[in-house]
1. Which length gain, in nm to one decimal place, applies between ARG221 and THR243 when the Cα-Cα distance is subtracted from 0.36 nm times their residue separation?
2. Accessible area per residue of the stretch 7-60 at 1.4 Å probe, in Å²?
3. So, in nm, how far is label ASN131 from label ALA191 when the simple model puts each one 7 Å beyond its Cα toward the Cβ?
4. With label points built 7 Å along Cα→Cβ from the Cα atoms of LEU177 and ALA38, find their separation and express it in nm.
5. Report, in debye and to the nearest 20, how large the dipole of the stretch 219-317 comes out about its Cα centre when Lys and Arg carry +1 and Asp and Glu carry -1 on their Cβ.
6. Could you give each residue of the stretch 20-34 its phi-based ³J(HN,Hα) in whole Hz, using Karplus coefficients 6.51, -1.76, 1.60 with θ = phi - 60°, and x for Gly or Pro?
7. For the stretch 1-142, state what percent of all Cα-Cα pairs lands in each successive 5 Å bin, counting from 0 Å until the bin that includes the largest distance.
8. Just subtract the alpha-carbon distance of HIS48 and VAL124 from 0.36 nm times their residue separation and send over the number in nm, one decimal.
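The values are calculated or read from the model by the stated rules, or taken from the named source; none is laboratory data. These numbers come from a predicted model, not from an experiment. Cβ sites come from the backbone with ideal geometry, for glycine too, and all protein chains shown count toward neighbours. To get the accessible areas, we keep the full protein, side chains included, count just its heavy atoms, and leave off ligands, DNA and RNA. Shrake-Rupley method; radii C 1.70, N 1.55, O 1.52, S 1.80 Å.
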Amino acid sequence: MTSGRDQMPNFDRLSITSRRMLEIKENILAEWEKRTRAAFKDANELRHPVFINTIPSYYDNLVEALSPEYPRDTAISSSTLASEHGGERARLTNYSPEALVLEYQIFRATLIDIVSESGIPLSVEELRIINTSIDDSIREAVTSFSLVVSALREQFVAALTHDMRGPLGSASMAAELISLTTDSLKTKQLADRIRDNIERVDRMAQGLLDTMVFDRGERLRLKLSHFDAREVAVEVIQDSTHTHGARCDIIGESVHGWWDRDALKRALENLIGNALKYSVQRSRITIKLDESHGRLVMSVHNDGNPIPVEEQESIFQIFRRANDTKQGKQKGWGIGLPYVRAVAESHGGSVGIDSATERGTTFLIDIPIDARPFQEAPAFGQTA
């Protein structure tokens, strides 16, 4: 039974109610975590250290505020704990503002329930302090959450603009060279370079637009047709060979089904591009296709540093900075993996990760062979 979050040696000034509430602190935190994880998916996917966040310190502050002799009016008096909670939720989770509010509402209900079950009487004034603290915390946490999200979006747009300047600059240089040459073969090669770079920019822009649509909870507009997924994989590998050399192997026979050919191809391009970028130099990339239980499982494997467990969800979130696990530093603002998730879920399936030092990293697109019956299924994007 301790409270020393603010480093003030005033434990003796806590009221009897505050001391009794400290005794049941861990019960309240455990029950709040249980209820919140059961309430919505995004909370259930968080590891405990990320989930618990600043709440233990917040609880201590709330207990202190219930003591008339203690110099604290509410749980967030002269404290940034609620703001930090909101900021962490924005940076480290897939939460929406609504989910953040629900967390605090569940905390309030859990606290009142367990305090009542423990036979701890609360006065009208104590209830007022609890409600005021939580209401003020909701306001500050949501404000901080919104500010962080806004900053992330601004940084994302700036980084994407920078990324687009590369292919645009290459296309511009090729156009200038065309004006200086009379060699028809050289002109054709330069024109091909211009076309390829413009297509790169177009894919980046289209991928961003599609992913943002999915992020709002809207399903991607798929154009379903019947084709062989292996043929698509072969096309992507051939295109990759022109840029990166022959580093990709394909395993598996033909798998025919109803999917959006362009969307599936772009998703596979993103996975193979990532595999090439983060693999051990000159190592092989393996693409495997399986048909099982009426589903297509298309996997892309590379050898390289594993993706830490705590980052495996965030790399699929738009406006999140992806880490370069080989260099140990932040690398860029990829929209490729959020788009892959959008494609998989819009087909009625999912995308998963298996990553470890001993096994390397494998991304798996797991979707029904026939996606037509699933076009009316809900798409949640990043909502709670």
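1. Working: separation 22, 0.36 × 22 = 7.92 nm, distance 2.98 nm.
So the chain would gain 4.9 nm between ARG221 and THR243.
2. On the way: 2830 Å² over 54 residues.
Normalised by residue count, the accessible surface of the stretch 7-60 is 52 Å².
3. Label-label distance for ASN131 and ALA191, simple model: 7.5 nm.
4. 6.5 nm
5. Working: 13 positive and 15 negative charges, 44 e Å.
In total the dipole reaches around 220 debye.
6. So the J values, rounded to whole Hz, are 5, 5, 5, 5, 9, 3, 5, 5, 5, 5, 5, 5, 4, 4, 4.
7. 2, 10, 21, 24, 21, 13, 7, 2, 0
8. Working: separation 76, 0.36 × 76 = 27.36 nm, distance 3.37 nm.
The HIS48-VAL124 span can extend by a further 24.0 nm.
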